[in-house]
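Scroll down for the structure; my scribbles are underneath it.
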Amino acid sequence: MFDLLPHINPAFAIIIAGILCIFSPSHFVRKALMIAAPIIAGIMIFQTYDPNDTLRGQFNFAGIDFTTVRIDRLSMIWGYVFCLAGLINGIFAFHEKCKISDSCALIYTGAGLGAVFAGDLITLFMFWELTAVSSVFLVWRGGPAAYAAGMRYLGWHVLSGVLLLAGAIMYGRYAGNYDFNNIGLDVPGGWIMLLGIGIKAGFPLLHTWIQDAYPKASVTGTVVLATFSTKMAIYALARGYAGTEILIYIGVIMTLFPVFFAVIENDLRKVLAYSLNNQLGFMVVGVGVGSAMALNGVAGQVVVHIIFKSLLFMSMGAVLHRIGTAKASELGGLFRSMPITAIMCLIGAASIAAFPLFAAFVTKSMIIASVFENHNYIVFLLLLFASAGVMEHSGIKVPFFAFFSHDSGRRVKEAPTNMLLAMGIAAAFCLVLAWPFGGYQMLFALMPEPEVAMEYIPYTGNHILTQLQLLFAAMFAFALLKKLGVYPDEKRAQILDIDYLWRKPGLAIAKWSDGMMTRYEAYQTRFVKNTAGKIGTRLYQVFSPAGSFSEDAPSGLAALMTAGILALALFLVYFIR
């Protein structure tokens, strides 16, 4: 039995726990499974990893070679942080008494982990679709208003899976196998798979499901949703499309457009959803560069991003749990009654803004430096601008409007103990992984190319000074705009970006088309009914016993049969002679 363990995908430890949650009537058993399953999966990853034997669980079925377990340095770092995120999510949701949320959160976590360790494209597709089916229930748990968003979310993710499978089939027929290695764009199916992966990665014009669904999900559901699908897609890009130049330009667009929408957005969870797109853009740029340093930066940024983004979503989730809203226009002054949550939010804000001594300072700079070394100077400058934008909307706006802006007069209890514990764990990692004396080296040791990573020194005078100048310039701009009264006010309105096209005119066209089709079907029904009725009435008037034809000729069934037989006889005599 123990000989089989290395050949079992660690994801199944979490997926099985999710299935058991469905049948468990005990709240504490379900929560124990949510906390224990990611730990067990992490242990399985640690015990399974062997640099000389990275491919496991291989078998042939229906002429296809499957590789269900692939644990190398690239997949291992994703696996560890997914297990850590699953543990933090389990603690954060400890107070929630819902079988569906517990079960779906575990299955979703396991599906993301399974996709990361998939060694072939068909196995990747199966876990890819499982993430969609399991996670949509976390959206719907947000209430009646989340139903439509959940349906749109499911539609996007199913489309992503269909494109991935279609491209995989084309690639498999061309290559003779379905191994999940570097694919690129020069092979059949390469572009189609990139488009499918791009949906989950939040490529421009394909990103709206993130801002649509995440803010409408449940308090705990949003934290889980923000972790796995998008980072699973970044892994797929790093595995299959490293060094694909077009990703540099796709990624830089992803870093820029959220800055402008986040500034005017009122829902702070949606602001964080936009900043999620922004951070994904840095990772996509790094994959596009494709150098060892860039891919190390991508892997490291995935780790710290999962942690600090979870921390920010948890802090806003705690506010939503106590207040009932995450709208900036209805918050403010909460530091008086939720001081610990405010501190946790500030740590997350400093981490996403890449302040020295905070998480992203040591990883985002690896990506930006690799862009500079690749001589993409315009992209380099645009990434610096996007970094300042992150400081503005996630580093300043979210904590400021939630905790320190105009006093809303709300006085509530601090977040539940389990929420504070989960936020505390995430905050500790935000600090430890950026600590200059042995902290960030632990993260570097887990990267795909640790020897290259160890050569990078983030804490240099030039880097610290440049980053501080950038961040303080963003803070000054925010303060100046607020002082002059030109900073966009929080508006009680829904902000749409490119999804305006299908949420407004697209919906109107769909309704018009549906109305026209209904009218056409009604007209067709009336036409057929009237025409058939008139023809039937006329035939009856002619051939019935009381009809006009009966006045001079025999009628009835017997006469009709006789005429038919006579016609057949004449036909046979004429053609068969």
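Please treat every number below as a calculation from the coordinates, not as lab data. What you see is a predicted model; the values in this text were computed from it and never measured. Cβ sites come from the backbone with ideal geometry, for glycine too, and all protein chains shown count toward neighbours.
General observations
- Global geometry of segment 328-454, whether rounded, prolate or oblate, following the gyration tensor of its Cα atoms and the 1.5 cut on a/c: oblate
- Residue-count net charge about residue 102 - beta-carbon cut-off 15 Å; Lys, Arg +1, Asp, Glu -1: +4
- Relative protection proxy for 122-129, 359-366, from highest mean packing down: 359-366, 122-129 (other beta-carbon atoms within 10 angstrom).
- Computed [θ] at 222 nm, helices only, for the chain once each DSSP H run of length n ≥ 4 contributes -39500 (n - 2.57): -22000 deg cm²/dmol
- Shown is the FRET efficiency for residue 50 and residue 421, computed with R0 = 41 Å from the Cβ-Cβ distance and rounded to the nearest 0.05: 0.75.
- FRET efficiency estimate (nearest 0.05) - Cβ-Cβ, residue 19 to residue 182, R0 51 angstrom: 0.90
- Length added when fully stretched, residue 175-residue 483, from 0.36 nm per residue minus Cα-Cα: 104.7 nm
- Nearest-0.05 FRET efficiency for residue 292 and residue 191, computed from C-beta distance (R0 25 Å): 0.45
- Crossing angle, helix 27-48 versus the chain [Cα axis fit, 0-90 degrees, rounded to tens]: 80
- Summary of the geometry: segment 409-465 and segment 217-248, compared by the centres of their Cα atoms, lie 20 Å apart.
- Rounded if a/c under 1.5, otherwise prolate or oblate - segment 1-237, Cα gyration tensor axes: oblate
- Rounded tilt (10° steps) of 11-23 against the dominant C-alpha axis of the chain: 70
- Helix 461-484 and the long axis of the chain differ in direction by around 70°, with both axes built from C-alpha atoms.
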